1. What residues qualify as long-range amide H neighbours of residue 620, i.e. H under 5 Å apart, gap of 5 or more or another chain, H built at 1.01 Å from N?
2. Taking R0 as 35 Å, what FRET efficiency do you get between residue 368 and residue 530 from their Cβ-Cβ distance, rounded to the nearest 0.05?
3. Can you give me the long-range amide H partners of residue 567? Hydrogens built in the peptide plane at 1.01 Å from N, cutoff under 5 Å, separation of 5 or more residues or another chain.
4. Sorting 62, 389 by accessible area (1.4 Å probe), largest first, what list results?
5. Determine Rg/Rh for the range 312-395; Rg is computed over alpha-carbon atoms and Rh is the Kirkwood hydrodynamic estimate from the same atoms.
6. Distances longer than 13 Å among the Cα atoms of the range 542-609: what percent of all pairs is that?
7. Please get the size of the charge dipole for the range 397-487, origin at its Cα centre, with Cβ charges of +1 on Lys and Arg and -1 on Asp and Glu, quoted in debye to the nearest 20.
8. Report residue 359's accessible area, 1.4 Å probe, all protein chains in place, as a number in Å² to the nearest 10.
Amino acid sequence: MGKGEGAKESKDVKAAESGQNLAAGDDERGTWDNQCDFFLSCLGYAVGLGNVWRFPYLCYEHGGGSFLVAYSLMLLLAGLPLFFMELSIGQYSGLGPTRIFGKLAPAFKGLGYGMLFVTMLVAIYYNMIIAWTLYYTFAGFTSSLPWEFCGNDHNTLTCYQKDQADECNVAGDGFISFYNNTCTPVSDICSSYNMTHVPDQFDQFNYTMCNNGTMDLPLNKVYPRRSASEDYFTRVMLGLDETITWSNYGGLKWDLVLCLLGAWVIVCLCLIKGVQSSGKVVYFTALFPYFVLLCLLIRGALLPGAADGVVFYLQPHLHKLASVKIWSDAATQIFYSLGPSFGGLITLASYNKFSNNCHRDAILIAFCNCATSVFAGFVIFSIIGFMAHESGQPISEVIASGPGLAFVAYPEAVTKFPLSPAWSFLFFLMLLTLGLDSQFTMTETLTTALMDQWPQLRPMKGKVVIGASVVGFILGVPLCCPGGIYMFTLIDSFSASWSLLVLALAEVILIIYVYGVHNFLNNIKEMGIRIPKFLELYWRINWQVFTPVVLFFITIVTWITFKPCQYNGYVFPPLIQTLGWLMACTSIIIAVALSVYEVYTRKNKGKITSNREMLQPTLNWGPAIKKIQPVQNTNNLSEATYNNEGFSS
């Protein structure tokens, strides 16, 4: 850029001496300012919303301690091996996912682009969660939380809060309950639902139990109550009511549009200088959730019923280990929690110094991620135990998964805390930081892919980030309609489902079987990483046997157990289901189509003389640092040595 060839050569030499990443033939990509930036970025990427709102629910569903056993085993067999594999290959090559696989084997060139498509879809809806979090953060700046009581214009007839219902006392033979924002005789409520009241032991907890006296309806059917927090989430923030369907999607909610814009502005500003700026932000976003979780644990432990929740969380049901579903859910949770095959880990590691000990980092980050999930389980179940104690419900009726836990169950719980607006602010700020870390990495993966594809964009990194943020915001605007939750659910269900597992399986086959586990381990040694013999044996066995078997197993179970996509009982129309399947298939289609195109192009241009060459590293495959002699090379490249252009015979 006007500095002359001599200046550029001097810069390259200094970079190589200092261990800075310079991929063969590429301009400088930059590196993390220090190893701590990378570590916290990876930790923040791995520790996300799923640790707080999905892991605790899975523990409940599969018997607490039993799920922890399956979860730990899946970490050792699949999660950790994939995590280390991606960090190693990304650091060694100094390349993003769109370029690395094509150099490893041209026949797999489309693999990285398939990953990129998945990441793009997830980044669109994931930032919507951050927008929801911003909405709740600002909504909580009041003296009393707006979802604390029924009786507002937005509340449904069946909105029910125990504090308000306690004022409705039992009077004579007629049981009085809270309905339509007032104390109402149960007989009137039951007649509204064509049911007859049957008094039983649940009445002492102020539950309205109805039955029509026949076997047409289940005994002790409960009329469809909704909490004030559920009404707020559904009717106020989402703007969703019974009239909203796919055919009646509704208009834009401008408050959500502004929140989505704010979310993308935050992401853009934090990534404006790439890893140099995001690496500093993660010191807060990666560590702050631990502070809040600790505060919540202390507060939760002091609440009545907290011990019951923790016991429920840890109590093992070992017979459930015989179920296929517990192993499938454990493997799925560890896979999506650590985040391999999205391209994010490869991208983060590609900015590492060549000699960074990514082996140590992979082990520490993976175990920290799992420990965070377990720790978050204590926090969530102590609060759920308190909620069950307050409402008189069994714990199994209180626990929820996904957005239901984060935006319905927990907001309801904090209304019982002293200084509830302060606790609400802390909780949603924690969700915000948990989500931002993952969003940073996904957006960085997309911008890195663009700059790797067109290196001339690197001096305009800020403009690339702004452009990606603008596009992401525009694509996310449809999620800001009342029916946006349907689109959100569709993308969530199909974008990173079985297709991502297929991409992960292809990645393992490429690196371990096509490129060769021996070559891969030698590349790790080239970076100066020395692995003890027993650990090297552990990596080999898992990479060659257990990890691909687990991935294949999860994929098959995902297909077998597939259910039509729905939201709150509303099953999406067949055409929408087809759109979801098309969304899932597109990443595979992209990967296959680009790989076929690469093979065709190379054959047409005479760049290959045999099909076998399409499964071998290209001449410019090599380490991120130029002018380095490899320890050993196989794969019919034993005579090759590295120079400025990569491999040469």
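The values are calculated or read from the model by the stated rules, or taken from the named source; none is laboratory data. What you are looking at is a predicted structure, and each value in this text was computed from that prediction instead of being measured. Cβ placement follows ideal geometry from the backbone for every residue including glycine, while neighbour counts extend to all protein chains displayed. What goes into the accessible areas is simple: the full protein's heavy atoms, side chains included, and nothing from ligands, DNA or RNA. Shrake-Rupley method; radii C 1.70, N 1.55, O 1.52, S 1.80 Å.
1. Here 647 satisfy the definition.
2. It comes to 0.95.
3. Excluding prolines and chain starts, which carry no amide H, the hits are 572.
4. On the way: 62 10, 389 105 Å².
The ordering from most to least exposed comes out as 389, 62.
5. Radius of gyration relative to Kirkwood radius: 1.12.
6. For the range 542-609, the fraction of Cα-Cα distances above 13 Å is 77 percent.
7. 320 debye
8. Spelled out: residue 359, probe radius 1.4 Å, area about 20 Å².
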